[in-house]
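S.K.: Here it is, the structure in full.
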Amino acid sequence: MLLVTRSVIAGATLLLLLVQPGSSQTGKGLGQSVKGAVFVDQKNGYFTMIPPSGWPRQTYDDTRTKVAWRSPQDTRVLLSVIAKQATESFSDMRAGADRTAQSWRSKGVSTEVSEGRVGDVPAVIIKANVPGAGISHLLLFLVQGIHFNVQFAAPDRELFDRHLP
C-alpha cells in the first residue's frame, strides 16, 4: 500500500487507498474497520476508496479506471475518480493545468490553479466556476507512475458547500 489519505468530501469521510499496480493489496479487508461500502478498482487495481454513503456508482467503458458517484438527492452533484498510467511529470501536469485554466478563462470560466497535498503527495488543485454549469474542484496528483484526477462538482454554491465542507 502506498498512501492512505482521509479527506472530507461530499459530506462523508473519503478514505482513498492507492495501491501499486499489480499489488496483491487491494483493501478488501478494509470494510471491517470502516463504515460504508468500499470501492475496489477491479479493472486496474490502482486504488480502493470509500465513496459517499448511499451515492449510486456510475462506471464507464474506458481503458482507464474511471468511476463516478452522484448524489441521490441531486444527480448533478458528482464525485469522480480517473486513474491511468502517468505519461508526464508533476511539473508537466502543473503546466497542463495552467494551460487548461487559461483556455477555460478565455471562455468565461473563473478558474484558480494552486498546489496542495493529498496526504503526503503533492497535488495540483484546479477550482472552476462555470457560468450556467456550476462549481468544480479537481485534484491532480501522481503516485508511483499513476496519474489521478479526482473531481467534485455541483451546480451551485449551496449544493457544493453542503456536500464539500
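Every read-out reported here was derived from the displayed coordinates using simple, explicitly stated rules and does not represent laboratory data. For clarity, every value in this text was computed on a predicted model and none was experimentally measured. Note that each Cβ is placed from the backbone with ideal geometry, even for glycine, and that neighbours are counted across all protein chains shown.
S.K.: Report the label-to-label distance for Lys107 and Asn44 in nanometres (one decimal), using points 7 Å from each Cα along the Cα→Cβ vector.
M.R.: Computed distance between label sites Lys107 and Asn44 equals 2.3 nm.
S.K.: Next up: Could you give the nm distance between label points at Glu88 and Arg76, where each point is 7 Å from its Cα heading toward the beta carbon?
M.R.: Calculated label separation equals 2.9 nm.
S.K.: Ile146's amide H: which non-local residues (gap 5+, or another chain) put their own amide H closer than 5 Å, with H modeled 1.01 Å from N in plane and none for Pro or chain starts?
M.R.: Ala86
S.K.: Looking at segment 57-132, which trypsin sites (Lys or Arg not before Pro) are in a loop (DSSP not H, G, I, E or B) and have at most 12 other Cβ atoms within 10 Å?
M.R.: Values: sites: Arg57, Arg64, Lys66, Arg70, Arg76, Lys84, Arg94, Arg99, Arg105, Lys107, Arg117, Lys127; in loops: Arg64, Arg76, Lys107.
Taking segment 57-132 and a limit of 12 other Cβ atoms within 10 Å, the loop trypsin sites (Lys or Arg not before Pro) found are Lys107.
S.K.: Here's another thing I want to ask about it. Using 1/(1 + (r/R0)^6) with R0 = 22 angstrom and r between the beta carbons of Arg64 and Ala95, what's the FRET efficiency to the nearest 0.05? Provide the component values of the computation, followed by the final result.
M.R.: On the way: r = 21 Å, r/R0 = 0.96.
E between Arg64 and Ala95, to the nearest 0.05, is 0.55.
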